[in-house]
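A.B. asks: Dropping the structure in here first, questions after.
Laboratory data are not the source of any read-out in this text; all were calculated from the coordinates shown. It should be emphasised that the depicted structure is a prediction, and the values quoted were computed from it without experimental measurement. Heads up, the Cβs are rebuilt from the backbone with ideal geometry, glycines too, and the neighbour counts pull from every protein chain shown.
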Amino acid sequence: MTGFERWSAAMARTLYGPGGFYRCELPGRHFATSAQTPVFAEAIARLVDDVDARLGRPDRFTILDVGAGGGELLERLAGLLDDRFQLAAVELRPKPPHLPNRIAWGPDLPDAVDGLLIACELLDNVPCDVAVVDPDGRVRYEEVDGTGATRLGDPVTGEDAAWLAAWWPIGTPGERAEIGAPRDTRWRGLTGLLRRGTALAVDYGHMRHARPAAGTITGFKDGREIPPVPDGNRDITAHVAVDAVACDRLEPQREALRRLGLDATPPPLPLAFQDPVGYAHALAASSAAARLMDPEGLGAHWWLWTDR
């Protein structure tokens with residue numbers, strides 16, 4: 001592809017089209033997520049117990065991971081939860097052969113969910129358009145070609161203009177914004193599947209009082225942040241305007257994990273002499289918790305909750 005197109009079309013093609021990044025690559029090879037960390041799974045298992053108790057310990061409780069990546073979260077939950085809990089992944093790639101048989105795997109959403117629906121770093125990969133203020137103060141779509149070159153396109157109008165006015169107003173020449181309406185729509189669709197239980201989105205994001213003037217769209221490959229060239233060989237992501245996404249409550253990941261019992265306090269040093277193996281395990285767990293709760297890193301994620 002060499003012609004120019006809007007970012008939403010470029011992201012859809014390069015991430016999810018034939019030969020796209022998410023059809024061919026495992027995310028864990030290119031970037032780190034909370035879902036890849038064992039202590040995160042332990043916190044989610046405690047969340048499952050909370051939701052399960054609220055629902056009265058039903059006979060059937062489903063944990064649906066939408067955009068499951070390599071299945072790391074469900075694999076660890078399989079070792080933490082008994083067989084009453086049904087584990088299911090929605091993912092475009094085939095199921096990794098090492099995952100337990102009890103994990104259902106496929107590309108399609110179910111008709112309904114009773115239990116916990118979780119989406120870790122899904123919304124930031126929902127294709128969206130980029131708006132730019134031109135030198136005359138007009139808000140226009142940005143277009144991109146297959147080399148990453150960009151140009152200004154048509155004026156932003158209609159629902160996209162209304163979304164910007166409500167959630168991310170821009171007006172100074174050179175200001176940029178990612179139009180988050182498709183993310184809002186995607187989350188409404190997912191929470192609409194929930195009959196009883198909780199839906200949880202975990203993602204990087206920002207609030208209206210602190211929108212980034214230059215936008216956030218970027219690329220990742222092989223553990224490095226790189227330019228967002230829509231060539232199918234890299235992840236392309238943009239942070240989520242989380243306050244625009246309809247949910248019951250919103251909180252930083254570090255606060256949510258603290259409530260769920262994660263503790264980043266290092267173990268006492270004398271334990272290293274009394275129980276070296278126990279000390280090593282405790283130190284590894286506290287270090288992983290600290291990484292998940294780091295406000296400059298994964299701790300900056302937002303948790304978006306919806307309960308039924």
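A.B. asks: Here are a few candidate values for Cα Rg over 2.2 N^0.38 Å: (i) 1.06; (ii) 1.11; (iii) 0.96. Which one was actually calculated from the structure I just gave you?
C.D. replies: (i)
A.B. asks: First check a/c for region 169-228, with a ≥ b ≥ c the square roots of the eigenvalues of its C-alpha gyration tensor; if it is under 1.5, answer rounded, and if not, answer prolate when a/b is larger than b/c or oblate otherwise.
C.D. replies: Oblate, since a/c reaches 1.5 and b/c is not below a/b.
A.B. asks: Working from Cα positions, state the angle (0 to 90°, nearest 10) between the long axis of helix 38-54 and the longest principal axis of the chain.
C.D. replies: Value to nearest ten degrees: 80.
A.B. asks: Right, another one. Could you give each residue of region 70-85 its phi-based ³J(HN,Hα) in whole Hz, using Karplus coefficients 6.51, -1.76, 1.60 with θ = phi - 60°, and x for Gly or Pro?
C.D. replies: Working through the residues one at a time gives x, x, 4, 5, 5, 4, 6, 5, 4, x, 10, 10, 7, 6, 5, 8 Hz.
A.B. asks: Just flag the GluC sites (Glu not before Pro) in region 201-306 sitting in loop per DSSP whose Cβ has no more than 11 other Cβ atoms within 10 Å.
C.D. replies: Loop-located and lightly packed - Glu296.
A.B. asks: Round to the nearest 0.05 the FRET efficiency obtained for Leu26 and Asp134 when R0 = 45 Å and r is the Cβ-Cβ distance.
C.D. replies: With a Förster radius of 45 Å, E is 0.70.
A.B. asks: Could I ask something else about it? Quick one: among Leu200, Leu55, Leu15, which has the greatest mean-square fluctuation in a GNM of the chain with alpha-carbon springs under 10 angstrom?
C.D. replies: Largest GNM mean-square fluctuation: Leu55.
A.B. asks: If r is the Cβ-Cβ distance from Gln86 to Ala272 and R0 is 35 Å, what FRET efficiency results, to the nearest 0.05?
C.D. replies: Computed FRET efficiency for Gln86 and Ala272 comes out at 0.25.
A.B. asks: In region 99-158, which trypsin sites (Lys or Arg not before Pro) are in a loop and have at most 15 other Cβ atoms within 10 Å, using DSSP for the loop call?
C.D. replies: Passing both the DSSP loop test and the Cβ count: Arg102, Arg138.
A.B. asks: Say R0 is 35 Å: what FRET efficiency, to the nearest 0.05, do Asp108 and Leu152 get from their beta-carbon distance?
C.D. replies: About 0.40, to the nearest 0.05.
A.B. asks: Spin-label point model (7 Å from Cα, Cβ direction): what's the Arg195 to Ala246 distance in nm?
C.D. replies: For Arg195 paired with Ala246, the spin-label model returns 2.1 nm.
A.B. asks: Compute the long axis of helix 181-191 from its Cα atoms, compare it with the longest principal axis of the Cα atoms of the chain, and write down the angle in degrees, 0 to 90, nearest 10.
C.D. replies: Roughly 30 degrees, rounded to the nearest 10.
A.B. asks: Same structure, new question: What shape does region 129-177 take by its C-alpha gyration tensor, where a ≥ b ≥ c are the square roots of the eigenvalues and a/c under 1.5 counts as rounded, a/b above b/c as prolate, and the rest as oblate?
C.D. replies: Prolate.
A.B. asks: May I ask you to compute the full-extension gain from Glu296 to His209, defined as 0.36 nm times their residue separation minus their alpha-carbon distance, rounded to one decimal in nm?
C.D. replies: Additional length available on full extension: 29.5 nm.
A.B. asks: Still on this structure: What do you get for the angle between helix 276-293 and the principal long axis of the chain? Use alpha-carbon atoms, 0 to 90 degrees, nearest ten.
C.D. replies: The angle comes out at about 30 degrees.
A.B. asks: I'd like to compare 82-95, 36-49, 152-165: which one has the highest average count of other Cβ atoms within 10 Å, and what's the full order after that?
C.D. replies: Going from most to least packed, we get 36-49, 82-95, 152-165.
A.B. asks: Want the number for Thr185 to Arg54: 0.36 nm per residue separation, take away the alpha-carbon distance, what's left?
C.D. replies: Fully extending the segment from Thr185 to Arg54 adds 44.4 nm.
A.B. asks: Right, here's the next one. Between Val126 and residues 5 or more places away or on another chain, which pairs have amide H atoms under 5 Å apart, with H built 1.01 Å from N, and which residues are they?
C.D. replies: none
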